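Each value in this text was obtained by applying a stated rule to the coordinates, not by laboratory testing. All figures in this text were calculated on a predicted structure; none of them were measured in a lab. A quick note on method: Cβ atoms are made from the backbone with ideal geometry, for glycine too, and the neighbour counts reach across all protein chains shown.
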Amino acid sequence: MEAPHLLLVDDDQVFSTLTQEFLEMKGFRVTLKHSGEEGWTAFRQGTFHLCILDVKMPFKDGFSLASDIRSVDSRVPIVFLTGVLDKDRRIEGFHLGADDYITKPFSMEELHLRLKAILRRVGVQDEIVADQEKKIHNIGKYRFDPHTRELYLDKNTIKMTAIEARLLEYFCQSPDGIIDRTTTLRRIWNDDDQLRGRSLNVYVSKLRHYLREDAAIEILNVHGEGYQLVVR
């Protein structure tokens with residue numbers, strides 16, 4: 001079944017990219033735009049199950065974009081991302097048809113759970129999200145279940161730690177299997193300090209050890225970038 005399609009509009013290019021990557025890891029399709037104008041163009045050209053709009057953007061803010069969206073679609077759920085707003089501004093947002101507010105900085109997992117709750121409420125089948133979360137990845141001769149954190153080869157099963165499983169899933173979901181060191185550190189550990197950088201090397205070595213039984217699988221060092229999972 002098709003994954004829910006989200007429109008994310010936020011002019012914070014770094015944090016919004018991390019948010020997009022997290023939501024895609026959770027099974028959503030995410031179209032990311034960095035201005036209200038781009039968001040409005042994308043909305044008119046696409047079909048979305050839910051819109052996530054940053055309130056404070058230059059030229060065309062989230063409220064203006066929501067007003068435009070509501071002029072053509074009265075039903076699509078809208079979630080505002082915002083700093084602290086006074087009561088009158090919050091009420092203004094609800095008058096525009098907001099389904100929820102998420103206050104920055106926010107927990108990625110809380111955002112995920114709130115979005116799932118809204119999609120259930122409006123009738124988008126929760127099973128779509130659940131199926132995506134439980135997706136089995138085929139890696140050469142191996143099968144990887146990120147939901148149970150288990151790696152299978154024939155009749156043998158390797159039980160992985162949470163960090164190992166998140167890292168391997170990130171490899172599986174990344175274009176061409178390439179992961180960037182800085183983004184990976186922020187995504188897995190929520191920081192990018194040098195100690196975590198050394199930890200990342202250790203966990204990549206662990207994944208290489210787990211996958212060693214298939215000679216067609218390699219995790220390569222990508223100079224100046226990070227790593228690449230390759231199945232030849």
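Highest GNM mean-square fluctuation, the chain, Cα pairs closer than 10 Å: which of Thr182, Thr17, Thr31?
Thr182
Gaussian network model of the chain, Cα springs within a sub-10 Å range: biggest mean-square fluctuation belongs to which of Tyr101, Tyr170, Tyr210?
Among Tyr101, Tyr170, Tyr210, the largest mean-square fluctuation in the Gaussian network model of the chain belongs to Tyr210.
Using the structure shown, list the pairs from Lys33/Lys116; Lys56/Lys135; Lys135/Lys206; Lys33/Lys141; Lys87/Lys116; Lys104/Lys159 with a Cα-Cα distance above 29 Å, or answer none.
Too far apart for the 29 Å limit: Lys56/Lys135; Lys33/Lys141; Lys104/Lys159.
Going by a ≥ b ≥ c, the root eigenvalues of the Cα gyration tensor, does the range 5-131 fall in the rounded group (a/c under 1.5), the prolate group (a/b larger than b/c) or the oblate group?
Judged from the Cα gyration tensor, the range 5-131 comes out rounded (a/c under 1.5).
Cα axis of helix 162-173 to longest principal axis of the chain: angle in degrees, 0 to 90, nearest 10?
80
So if I average 1/r over every pair of distinct C-alpha atoms in the range 162-231 and take the inverse, what Kirkwood radius in Å does that give?
Kirkwood hydrodynamic radius for the range 162-231: 12.1 Å.
Between the range 210-232 and the range 91-108, what is the C-alpha centre distance in whole Å?
For the range 210-232 versus the range 91-108, the Cα centre distance is 42 Å.
Which loop-located GluC sites (Glu not before Pro) does the range 1-103 contain, where loop means any DSSP state but H, G, I, E or B and the Cβ has at most 12 other Cβ atoms within 10 Å?
The qualifying sites are Glu2.
To the nearest 10 degrees, how steeply does helix 62-72 sit against the main Cα axis of the chain, on a 0 to 90 scale?
Relative to the chain, helix 62-72 is tipped by roughly 80 degrees.
Which of Gly93, Gly46, Gly36 moves most in a GNM of the chain, Cα contacts under 10 Å?
Maximum among the listed residues: Gly46.
Would you mind giving the average projected area, over all directions, of the Cα convex hull of the chain in nm² with one decimal?
The orientation-averaged projected area of the Cα hull of the chain comes to 14.2 nm².
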